[in-house]
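Comments concern the structure below.
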Amino acid sequence: MSTTATAAIDTAITIDNEWSYGTETNNTEKFENTIKPEIDIDLWHDARLTAIGRIRSDAKDHIDVDDDIDAELRELYIETSIGRSFLTIGKQQVVWGKADGLKVLDVVNPQEWREFILDDFDDARIPLWSINSEIPIDDVTLQLLWLPDQTYHEYAEGDDAYRFTSPLLVPQPPPGVAVSMQAIDRPDRALQDADWGARLSTFWNGWDLTFNYLHHYDDRPVLFRQLSTTPNGPVATITPRYQRSQLIGSSFSSAFGDLTLRGEVGYTVDRYISTNAINDTDGVVKTDELSYVLGLDWFGLSDTLISTQLFQSQLSNHLPGMLRDERDTTMTLLVKRDFSNETVTAELLWLHNLDLDDGLARPKVTYQMNDNTTLWLGADIFYGDQQGLFGQFKERDRMVTAVEIAF
């Protein structure tokens, strides 16, 4: 980060050029340029203002067909202290959980799905206007969140490259039944519809522990369905509506020599899963969901990380016709090694769903040319049946290369 003539103001800018080539389509998928300016200003001795923007343009316009250029204020927040407590107010990201590839507790901020899960989480999260306070109480830190921002997941749609097509995510109408899609019913009361949450974190007997609670609107709209008969035949009227949910969870991690054990568990109250059962009156089934991830990180080889994770979720109320199975299990493997005094890094992230036998492999090589310039080359390789979560994108295999310059 460079410092201007006034010591109280720091400025930085990152320029990223990313090119991806579809190996199945034999076409350039995107040629994207991203500019991220950032400014930090000391307001007074214990307060600091941060503003982060993003300007993104794509010469090919296949990822987001209706938006070849966009400019946005990503984050704008003030950090300050009140006694021993720390307060952040403004548009920001709040990160719960540190799992690779998939999420259990990291659900405070909604996500952009414009490239499925291929974007870095920091870029895919949608910052929210919120108040985030951290209050030390003896050996425990209490985090309190209030989020009056009614912003939710942003999905690829229409002709976008990564629009969901799997029947696990998109209800399929019965043969001969027309579909009438209504406008999304969104919460619109800033105070009554605000999300809020709390987290306790501590270090106990060698373990980093957190206990989490989030009272929020699920960022996925529930697709309520009503069947009716018209002179032109049967019609399924779909009304997307956001529903309240609660997340109760915990995370833990501890190191044992070269081995680190970590995990997250989350119990979601009031999840709604779409069903194709004709006799279901509203097209959804209300259930609770238990999700967890267990991870092992091994650093036993020089300059090398080998990490594996088990993700699993279980529905408490599973009925015939529901879009997803009662249990869903995914394994991940991350192998990462540094070379040439950490200027070159080679890695492979592999995600495999054990129930659907589909997955995603992501090899990548990164070269740190100097303090300001990073080059990388990678690939995103999907496999499996097109009915699956990963397999739906099996025609989207691609090579990706990028140059990132920081000033």
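Read the figures in this text as sums done on the coordinates, not as results from a lab. It should be emphasised that the depicted structure is a prediction, and the values quoted were computed from it without experimental measurement. In this analysis, Cβ positions are derived from the backbone assuming ideal geometry, glycine residues included, and neighbour counts consider all displayed protein chains.
So here's what we get for this one:
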item: Estimated vicinal HN-Hα couplings, Hz - segment 170-176 in sequence order (Karplus 6.51, -1.76, 1.60; Gly, Pro = x); result: 10, x, 9, x, x, x, x
item: Cβ charges +1 (Lys, Arg) and -1 (Asp, Glu), total dipole of segment 1-146, debye; result: 460
item: Value of relative contact order over the chain, rounded to a whole percent, pairs C-alpha under 8 Å and six or more apart; result: 12
item: Percentage relative contact order, segment 67-136, counting C-alpha pairs under 8 Å, at least six apart; result: 36
item: Loop-located trypsin sites (Lys or Arg not before Pro) in segment 4-60 whose Cβ has at most 15 other Cβ within 10 Å (DSSP); result: Lys60
item: Cβ-based exposure ranking for Glu38, Glu115, in which fewest neighbours within 10 Å come first; result: Glu38, Glu115
item: Per residue, the convex hull volume that the Cα atoms of the chain enclose (Å³); result: 170
item: Prolate/oblate/rounded call for segment 1-130, Cα gyration tensor, a/c under 1.5 rounded; result: oblate
item: Nearest-0.05 FRET efficiency for His153 and Tyr267, computed from C-beta distance (R0 30 Å); result: 0.90
item: Residues in segment 145-177 that a label on Ile184 would reach, taking backbone N under 15 Å of a point 7 Å out along Cα→Cβ; result: 149-158, 163-164
item: For segment 2-406, with +1 on Lys and Arg beta carbons and -1 on Asp and Glu, the positive-most of Thr401, Val94, Leu191 along the dipole; result: Leu191
item: Percentage relative contact order, segment 1-158, counting C-alpha pairs under 8 Å, at least six apart; result: 14
item: In nm, spacing of pseudo-spin labels at Thr304 and Ile35 (7 Å Cα→C-beta vector); result: 4.4
item: Computed lengthening from Arg241 to Asn372, 0.36 nm per intervening residue step minus Cα-Cα distance; result: 42.6 nm
item: Spin-label pair Ala59/Asn26, simplified geometry with 7 Å Cα→Cβ offset, distance in nm; result: 2.2
item: Label-point separation in nm, Ala255 to Ala51, each point 7 Å along Cα→Cβ; result: 4.0
item: Total charge dipole magnitude, segment 2-406, about the Cα centre, Cβ charges on Lys, Arg, Asp, Glu only, Debye to nearest 20; result: 840
item: Dipole moment magnitude, nearest 20 debye, segment 76-142 about Cα centre, only Lys, Arg, Asp, Glu C-beta charged; result: 240
item: Charge-dipole axis of segment 2-406 as Lys and Arg at +1 and Asp and Glu at -1 on Cβ define it, positive-most pick from Met331, Ala71, Tyr162; result: Met331
